[in-house]
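Chemist: If you scroll down you'll find the structure; I have some questions about it.
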Amino acid sequence: MAYNPYDQVSYRTFPRRQTHPNRLAAVARLFGLQTAPVARCRVLELGCGTGGNLIPLAYHLPQSHFIGVDLAPQPIDIARRMADTLELRNLDLRALDLRELTAAEGEFDYIFAHGLYSWIPPDVRDALLAVCRDRLTPNGVAFVSYNAYPGRYPRQMLREILLRHTREIEDPARQIAAARALLSQLPGEEAASLLEQGDDILFHDDLAPVNDAVWFHDFATHAARHGLQYLGEADPHDMFDPRPIPGGDVLDREQHLDFLKLRRFRQTLLCRSEIQLTRDVDARRMDDFLFSDNPHGHRIPGDDAAVEAVTQALRDTSPLPVEFAELIPYAGTREALREILFVLMIAGCVDLHVYDFPCEEEVTERPRASRLARYQAAAGGNVTNACHIPVELDELARRLVILLDGTRTASAIARDLAAAPGAPPLKQIRQYLPGSLDWLARMALLEG
């Protein structure tokens with residue numbers, strides 16, 4: 001297989017909850033498309049890299065089947081070693097050009113292509129969308145992310161400067177160093193922001209041979225040529241804006257939103273062009289979903305007691321979702337709850353769900369962290385919970401997670417934790433251990 005830059009400079013991969021089948025299914029349902037059950041579906045990820053996104057999905061959805069492909073063999077080898085250690089039998093990882101995928105692979109209910117479309121040549125972009133059309137089930141959903149205009153222009157300027165500055169440097173390490181040296185001298189927030197990025201992002205994103213941003217309307221037109229239509233965005237609030245939008249179809253509206261927001265990146269969902277979607281989304285749709293708090297949303301100003309009660313209830317259960325019916329007492333009436341949740345969704349304060357993530361919400365006599373979390377904790381402080389959300393652990397919490405294999409009581413856990421080099425005294429650990437275990441349960445890191 002030919003040289004691949006991802007073999008020479010490793011690229012970190014992470015869980016992205018916007019790609020979870022639960023999220024894709026929720027956005028699809030918002031517009032009237034009923035997709036395959038999240039717990040039993042077939043998933044294809046194009047450009048899966050080291051499996052940081054796909055492996056946690058395969059672990060937490062054992063009745064679903066996953067295939068991940070990537071052109072670079074070394075990241076696939078890393079992913080395979082992790083999958084083998086976790087004994088995942090529902091995951092197939094392949095070092096493969098996406099143009100080599102055939103009908104023999106079958107159809108998929110959900111297809112992901114994160115960080116791929118803008119970074120591949122035009123002919124491969126055609127192949128990517130062709131795969132999405134040919135390999136999607138009739139009600140399937142594809143996730144495609146890409147750099148977008150007009151917001152990408154400032155970063156594109158820096159990219160062109162860096163490429164010109166480093167054009168005669170072949171060694172990746174020297175190229176990265178030269179780019180960083182120049183960035184440190186450039187003015188502006190954009191240069192400072194890029195300087196803070198890791199070497200892998202700088203090299204594979206801004207120094208990549210191909211990195212083409214597109215206007216949304218051009219992307220939608222490209223998808224239409226392959227028999228696909230725009231479904232929505234992976235973050236539903238991105239499709240709403242309180243400002244007046246000129247009349248026109250959904251594509252015109254979305255393009256105008258990009259103007260208003262100076263959007264630089266999109267996480268677009270596609271479905272087959274023959275699907276009849278319902279675009280009249282209002283508060284009545286809220287009955288169909290579960291909800292969780294999104295701490296990154298724009299908080300609703302005011303002192304409405306019902307809004308505060310619903311918001312607090314979601315915060316109390318975060319990151320796990322809550323069914324619509326369970327929230328009615330906080331709002332007072334079903335009708336009031338619909339309106340509150342609809343406004344919170346538009347503001348990005350809640351996430352929509354169609355799947356209730358299974359995990360152990362109580363601390364048992366012999367608590368057990370997920371095998372995935374224990375594996376990840378052994379390598380570092382970033383682990384993935386049952387909701388496909390990264391959780392950062394401090395050193396003591398990391399050691400605690402490793403010990404939670406279901407064989408130890410709280411007393412044994414405290415003793416073993418205190419025996420670690422540099423650990424606090426046993427008395428102090430016993431004092432804080434119950435709260436730490438409760439926190440791990442609330443973070444959806446324990447399993448039954």
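Chemist: Does the stretch 284-298 contain any residue that is of a type in the set (Ser, Thr, Tyr), touching a Ser or Thr at 6+ places or on another chain (Cβ under 7 Å) and either part of a loop (DSSP other than H, G, I, E, B) or surrounded by fewer than 19 Cβ atoms within 10 Å (Cβ to Cβ) (or both)?
Modeler: The answer is no, given that none of the residues of the stretch 284-298 is of a type in the set (Ser, Thr, Tyr), touching a Ser or Thr at 6+ places or on another chain (Cβ under 7 Å) and either part of a loop (DSSP other than H, G, I, E, B) or surrounded by fewer than 19 Cβ atoms within 10 Å (Cβ to Cβ) (or both).
Chemist: Same structure, new question: Out of Glu190, Glu170, which single residue is among the acidic types (Asp, Glu), loosely packed, with under 12 Cβ neighbours inside 10 Å and either part of a loop (DSSP other than H, G, I, E, B) or in contact (Cβ under 8 Å) with a residue 12 or more places away in the chain (or both)?
Modeler: Glu170 is the lone residue from the list that is among the acidic types (Asp, Glu), loosely packed, with under 12 Cβ neighbours inside 10 Å and either part of a loop (DSSP other than H, G, I, E, B) or in contact (Cβ under 8 Å) with a residue 12 or more places away in the chain (or both).
Chemist: Additional query: Would you please name the residue that is farthest from the chain's Cα centre (by Cα), looking only at residues in the stretch 326-364 that are closer than 28 Å to Pro242 by Cα and open to solvent by 60 Å² or more (accessible area, probe 1.4 Å)?
Modeler: Just the residues of the stretch 326-364 that are closer than 28 Å to Pro242 by Cα, to begin with: 327-328, 330-354.
Right, trim to open to solvent by 60 Å² or more (accessible area, probe 1.4 Å) and you get 330, 333-335, 339, 343.
On the way: Tyr330: 30, Thr333: 33, Arg334: 31, Glu335: 32, Glu339: 27, Val343: 23 Å.
My answer is Thr333.
Chemist: Still on this model: Out of the residues in the stretch 1-24 that are open to solvent by less than 60 Å² (accessible area, probe 1.4 Å), assigned to a loop (DSSP other than H, G, I, E, B) and of a type outside the set (A, V, I, L, M, F, W, C), state the one that is modelled with the lowest pLDDT.
Modeler: If we take residues in the stretch 1-24 being open to solvent by less than 60 Å² (accessible area, probe 1.4 Å), assigned to a loop (DSSP other than H, G, I, E, B) and of a type outside the set (A, V, I, L, M, F, W, C), then Asn4 is modelled with the lowest pLDDT.
Chemist: Here is a follow-up. Given Leu260, Leu320, which one is open to solvent by 40 Å² or more (accessible area, probe 1.4 Å) and not aromatic (Phe, Trp, Tyr)?
Modeler: Only one candidate qualifies: Leu260.
Chemist: Out of everything in the stretch 382-428 that is β-branched (Val, Ile, Thr) and open to solvent by less than 60 Å² (accessible area, probe 1.4 Å), what residue ends up being nearest to Pro367 (Cα to Cα)?
Modeler: Filtering the stretch 382-428 for residues that are β-branched (Val, Ile, Thr) and open to solvent by less than 60 Å² (accessible area, probe 1.4 Å), the one nearest to Pro367 (Cα to Cα) comes out as Thr409.
Chemist: If I ask for residues that are touching a residue at least 24 places away in the same chain (Cβ under 8 Å) and either over 19 Å from Tyr11 (Cβ atoms) or of a type in the set (Val, Ile, Thr) (or both), which ones from the stretch 173-187 would you list?
Modeler: Ile176, Leu183, Leu186, listed by residue number.
Chemist: Could you please let me know if Gly140 is over 14 Å from Leu207 (Cα atoms), open to solvent by less than 60 Å² (accessible area, probe 1.4 Å) and not in a strand (DSSP E or B)?
Modeler: Here the answer is no, as Gly140 does not meet what is asked.
Chemist: Please state which one of Gly47, Gly52 is modelled with pLDDT of 95 or more and on the phi > 0 side of the Ramachandran plot.
Modeler: Gly47
The values are calculated or read from the model by the stated rules, or taken from the named source; none is laboratory data. Small disclaimer: the values here were computed from a predicted structure and weren't measured. Methodologically, a virtual Cβ is constructed for each residue, glycine included, from the backbone with ideal geometry; neighbour enumeration extends over all protein chains shown. We work out accessible area using only protein heavy atoms, side chains counted, and drop any ligands, DNA or RNA first. Shrake-Rupley method; radii C 1.70, N 1.55, O 1.52, S 1.80 Å.
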